[in-house]
1. Normalising by the residue count of the chain, find the relative contact order in percent from Cα pairs under 8 Å and 6+ residues apart.
2. Just need the relative contact order of the range 102-205 here, percent rounded to a whole number, with Cα pairs under 8 Å and 6+ apart.
3. Give me the net charge of residue 24's neighbourhood, meaning all other residues with Cβ under 10 Å from the Cβ of residue 24; Lys, Arg count +1, Asp, Glu -1.
4. If I fit a long axis through the Cα atoms of helix 125-139 and take the longest principal axis of the Cα atoms of the chain, what angle between them do I get, 0 to 90°, rounded to 10?
5. At a Förster radius of 35 Å, what calculated FRET efficiency corresponds to the Cβ-Cβ distance of residue 181 and residue 32, to the nearest 0.05?
6. So how many Lys-Lys pairs in the chain land under 25 Å Cα to Cα, not counting same-chain pairs under 8 apart?
7. Name the residue from 145, 119, 171 whose Cα lies farthest towards the positive end of the charge dipole of the range 107-214, charges +1 on Cβ of Lys and Arg and -1 on Cβ of Asp and Glu.
8. With unit charges on the beta carbons (Lys and Arg positive, Asp and Glu negative) and the dipole taken about the Cα centre of the chain, which residue among 161, 88, 190 sits farthest to the positive side?
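The values are calculated or read from the model by the stated rules, or taken from the named source; none is laboratory data. Values in this document were obtained by computation on a predicted structure and should not be read as measured data. We place every Cβ from the backbone using ideal geometry, glycine too, and count neighbours over all the protein chains shown. Please note that ligands, DNA and RNA were not included when accessible areas were found on the heavy atoms of the full protein model with its side chains. Shrake-Rupley method; radii C 1.70, N 1.55, O 1.52, S 1.80 Å.
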Amino acid sequence: MQNPDAPAPPARLCTRFRGFLPVVVDVETGGFDWNRHALLEIAVAPIDIDENGLLFVGEITSSHVVPAEGLEIDPKSLEVTGIDIDHPFRDAKIERIALETVFAPVRAALKKHGCQRAILVGHNAHFDLNFLNAAVARSGHKRNPFHPFSVFDTVSLAGVAYGQTVLARAVQAAGLSWNSEEQHSAVYDTERTAQLFCRIVNAWPSPLPPVVAP
């Protein structure tokens with residue numbers, strides 16, 4: 001017989017999302033076409049969980065990326081992101097090494113939580129996923145931990161939760177701070193998107209147990 005006074009078992013992230021590990025991703029790019037424009041920066045933040053079942057943002061890992069050969073960079077994109085391709089301290093890595101830099105902590109988080117696969121969380125998430133998948137295909141990387149097409153999109157979540165779809169407005173509607181001077185940095189946008197995702201999910205009612213058909 002179960003002891004009613006026994007402490008509840010610790011919350012498990014692997015059961016919260018059907019075996020998926022949410023990982024927030026943001027990319028900065030040389031344009032909008034993932035097959036034509038270069039990946040320039042990527043950041044990831046695996047989501048973690050505390051003993052009360054509340055989500056929080058894990059450690060952020062990022063890399064600047066050397067534009068892949070043959071791809072284009074729209075100067076207007078650089079005006080938006082503020083990225084200086086030729087900055088001496090940019091420390092950019094070729095795509096394959098940049099991907100491994102951000103994939104390694106994701107695989108470590110999968111192992112830690114016993115999850116089967118990472119699922120990309122992003123604001124307009126398929127934009128980030130398409131650039132990620134294109135870089136994986138170009139570089140021939142064989143250990144991509146992310147689901148190839150499923151995502152959690154904070155545009156939809158924030159639209160439902162706060163009636164806002166623009167990241168800056170959604171973050172502020174959630175009661176979080178926003179610094180417009182830091183936006184369009186992959187690290188900053190990843191952090192803010194991750195905080196937004198956690199705020200929305202933590203305010204959501206606990207998932208209902210599955211209904212067994214008679």
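1. 24
2. 24
3. My count for the surroundings of residue 24 gives -3.
4. Between the helix axis and the principal axis of the chain, the angle is about 60 degrees.
5. Calculated transfer efficiency: 0.90.
6. 4
7. 145
8. Highest projection toward the positive end goes to 161.
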